[in-house]
Amino acid sequence: MHVFPKDTDHADAAQAPPGPVAAADLRSVMGRFATGVVVITVGDEHVHGMTANAFGSVSLDPPLVHCCIAHTAVMHEALAGSGRFGVSVMSADQESVARYFADRSRPLGAAQFDVVDWTPGRRTGAPLLTGALAWLECEVVDVHAAGDHSLFLGRVLSCEPGDGDRALLFYQGLFHRVVPG
């Protein structure tokens, strides 16, 4: 069954040739999809952190997650080189942390973690950020080229919930807080 927006001529829509989708249009439309916010981290000699919202669960059996990383991002090379990563799910109180790891002018390497509290993951050595809603440690099992990004598929090695229940979301280009009702 096809559902068309109001004022759409069904015959014209079915016969219209597919045209290119403008990047600005896609960004605007996808901005209407609220996402969680995570900081993805890599440890060891490839140490790096990056805020992301293109992250999600893929499978419970086997336990798999995905993250999408731009080919031009420092994280792309770090993650490809390490093959292991940590994920800290940001709480509503961690907007400043999310903004920090999204700031391209922050220091690189281990120095970027000097201003945040963290602990090394037991399975990966990746920094796991204190105060997060949850943490995961993962091993890259597959990588797929996807336009200007790569989709990294990670097998979950460990996961642990934090104490909080207030989430940080990203919606229409802005951070929002979710407080359970």
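The values are calculated or read from the model by the stated rules, or taken from the named source; none is laboratory data. Please read these numbers as outputs of a predicted model, since none were measured by experiment. When we count neighbours, we look across all protein chains shown, and the Cβ atoms used for this are built from the backbone with ideal geometry, even at glycine. The accessibility values were calculated without ligands, DNA or RNA, using every heavy atom of the protein model including side chains. Shrake-Rupley method; radii C 1.70, N 1.55, O 1.52, S 1.80 Å.
Per-atom-type breakdown for region 112-157 gives carbon and sulfur 51% of the accessible area (1.4 Å probe, protein chains only).
Normalising the average separation of contacting C-alpha pairs (under 8 angstrom, six or more residues apart) by the number of residues puts the relative contact order of region 58-151 at 39 percent. When only Cα pairs below 8 angstrom with a gap of at least 6 residues are kept, the chain shows a relative contact order of 25 percent. Rounded, prolate or oblate: which fits region 44-101 when a ≥ b ≥ c are the square roots of the eigenvalues of the alpha-carbon gyration tensor, with rounded for a/c under 1.5 and prolate only if a/b beats b/c? It is oblate, given that a/c is not under 1.5 and a/b is not larger than b/c. Label zone of ASP44 (point 7 Å out along Cα→Cβ, amide N under 17 Å): in region 57-81 this covers 75-81.
Peptides 112-119, 36-43, 22-29, ordered by how many other C-beta atoms sit within 10 Å of their residues on average, highest first, read 36-43, 112-119, 22-29.
Among the trypsin sites (Lys or Arg not before Pro) in region 79-137, those located in a DSSP loop and surrounded by at most 12 other Cβ atoms within 10 Å of their own Cβ are ARG104, ARG122. Annotation for GLU139 and TYR100: the two label points, set 7 Å from Cα along the Cα-Cβ direction, are 3.1 nm apart.
Each label point was placed 7 Å from the Cα along the Cα-to-Cβ direction; for VAL179 and THR35 their separation is 2.6 nm. Calculated from the structure, Rg and Dmax of the Cα atoms in Å equals which of (i) 15.7, 46; (ii) 15.9, 55; (iii) 18.4, 60? For Rg and Dmax of the Cα atoms in Å, the calculated option is (iii). Counting only the backbone N, which residues of region 30-59 are under 14 Å from the spot 7 Å out from the Cα of LEU108 toward its beta-carbon? Residues 46-50 fall inside that zone.
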